Structures are given as C-alpha cells and as structure tokens.
1. Give me a count of the residues in the range 248-264 that are in a helix (DSSP H, G or I) and touching a residue at least 12 places away in the same chain (Cβ under 8 Å).
2. When the residues of the range 182-217 are filtered to those that are within 16 Å of ligand 1 (Cβ to nearest atom) and over 30 Å from Asn111 (Cα atoms), which remaining residue is surrounded by the fewest Cβ atoms within 10 Å (Cβ to Cβ)?
3. State which residue pairs qualify: first residue touching a residue at least 60 places away in the same chain (Cβ under 8 Å) and inside the range 55-75, second residue of a type in the set (Gly, Ala, Ser) in any location, beta carbons under 6 Å apart, and separation of 6 or more residues or different chains.
4. Taking interchain pairs and intrachain pairs at least six residues apart, which have beta carbon atoms under 9 angstrom, with the first residue in the range 76-93 and more than 9 Å from Pro112 (Cα to Cα) and the second within 11 Å of ligand 2 (Cβ to nearest atom) and basic (Lys, Arg)?
5. Do the conditions hold for Ala136, that is, is it touching a Ser or Thr at 6+ places or on another chain (Cβ under 6 Å) and either within 21 Å of Leu120 (Cβ to Cβ) or not small (Gly, Ala, Ser) (or both)?
6. Only residues that are more than 16 Å from ligand 2 (Cβ to nearest atom) and buried (at least 24 other Cβ atoms within 10 Å of the Cβ): list them for the range 65-121, please.
7. Part of a strand (DSSP E or B), farther than 19 Å from Ala135 by Cα and not assigned by TED's automatic domain parsing to the domain that holds Ser8, is that true of Arg186?
Amino acid sequence: MTLSLELSELATEIAREAGELARRRRDEGVRLAATKSTLADIVTEADREVEALIRDRIREARAGDGFLGEETGAELGESGITWVVDPIDGTVNYAYGIPAYNVSIAAVSGNPEPESWEALAAAVNAPAVGEIFTAALGHGAWLAGNRLAVTGETPAGALLATGFGYDPATHADDLATVSRVMPMARDLRRMGAAALDLAYVAAGRIDGYFERGLRPWDHAAGELLVREAGGAVSWIDSSATRPMLIAGGREVHAKLHAILTEKR
Ligand code: IPD
Ligand code: CA
C-alpha cells in the first residue's frame, strides 16, 4: 500500500473515533473553556479533549511524526510527516447545536508550513450528519465509497460559499468581497466550518468557495479533498495579513480568481 493510502486510512480511523467523542460531548452539553482572539472566537472543553485524543492516537501509531493542532500548537517530528489537525472546525455551530461541525485531520510531508508542504492524506468527519470525506494523494477523494468530483460549467450561476473571520473589524471588507462576486453567483451559502465548505466543493454540493484569514488546520485537509476531486485551489494576496483562499471546479475557480484579482 502506498504511504498516502496508509496515512489516509489512519486519518479516517482517528477522525471517526474523534468525531464520536465530539458528538457524545455535544449531546452531554457544551461547556465553554475560553475565548481566543475575539469574544466570538471560542474554545470548548470538547475542542481540547478531542485534540488530546487525536494527538495520543497519532503518537501511538506513528511516534516519529510531527503535529500541528489548533489548540495545542506545533511539535516537530523526525519522519518528515506532520499531522495538521482541527479537533472541531465550526466550533460556533457546535456550541449552538448546528450539525455543521467536523473533525479535520491532514497528514502532510515536507516543511510543516502551508506554503511548502504537500498534503498526502485527509479525513473530514462531520459526525452529526454521519459523513466522513477522505482523500489520499493520487487516489481521489471519497465519501461513503463514492468517488467525489467537483462541478464544471455553471450556466445558471455558481452556488458559492464563504466564511467570515471572528474579528468584527474585518466584516466590512468580507462583505465588500461578497458583493464583488455576487454577479457570477446563483446564490451564496455561509456554513460556518471551512473544512466542510471545502469538502462540499469536492463533493460538487457547492461550485466554489472563498475566504480570507484561514489558518493551516482550517484548510489542510479540505484543500486535498478539492484537488483530489479534480478542483483547483489558490491563494490571493498571499503576503497580506489575511490571504484569501479560492477553491472550486476549474471554471468557477478561474472566474472567482479573475474577479477577485481585478484592479479597481
Ligand atoms: C472557523 C470556521 C469558520 C471560518 C473561521 C474558522 P473554528 O474555524 O472554519 O467557518 O469562517 O475562519 O476559524 O474556529 O470553528 O475551528
Ligand atoms: Ca477549531
């Protein structure tokens, strides 16, 4: 078995167990542990517990690998593989009881920095809806035994999704971006979980997605899902404080890219 398939199987197994834990804790009632960058940026006790479980499972299976997690930060490894983990992506949905949250796990090779790493394997588990999206480099993206494919032309306009960061100071700029792309859209969705936005692009449930200010754990797994489903992912303003990720089927990605890089 190739390394990417092996890592994908492990990512899926761990994401399944971690998702079950997240869902169980959700059913028992969510307790806030802290707020982070802003009042809207929360962390629950479950985020921490789920990340600890994932970290333990990875250590048990592959002791030499590195780790980069939203809640506990980075630990260098010596194998050249790093696991990039968001224990609960869509924490605000989780706290409110909206089922659009997920456990996002990627295994990447090379330098543990998004600009230089290559994603090898991904698993995005949305336990409240019973869906695990998986991908292995060179082996496609999958959901429940079905190979995923992004959408093509969108003659009736593209169904787009986006997200806004937690800092209220950035909302006006994000809304201005939305009004720039609306002429190419049939409608816009705002799901509140970046890894699910990307998984839905991969599954052809939305045609394109854009968002500024994502962190590595928000996009590492979802990005591989989109690429392995035949889609394109790129970054605009990569040196700015809030670079923008654009993802979609090739046609929609190209249109979004043209609109969002157009000089005004
Ligand atoms: C957030 C979600 C949200 C996105 C934010 C992310 P979190 O992740 O993915 O959709 O708009 O930028 O930070 O905090 O729920 O793990
Ligand atoms: Ca998170």
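The values are calculated or read from the model by the stated rules, or taken from the named source; none is laboratory data. From a predicted model like this one, the values you see are computed outputs, not experimental measurements. Because the Cβ atoms are built from the backbone with ideal geometry, glycine has one as well, and the counts that use them run over all protein chains shown.
1. Summing the residues that are in a helix (DSSP H, G or I) and touching a residue at least 12 places away in the same chain (Cβ under 8 Å) in the range 248-264 gives 11.
2. Arg190
3. Leu68/Ala74
4. Asp86/Arg215; Pro87/Arg48
5. Against the criterion (touching a Ser or Thr at 6+ places or on another chain (Cβ under 6 Å) and either within 21 Å of Leu120 (Cβ to Cβ) or not small (Gly, Ala, Ser) (or both)), Ala136 qualifies.
6. Across the range 65-121, the qualifying residues are Thr82, Ala107, Val108, Ala119, Leu120, Ala121.
7. Answer is yes for this residue.
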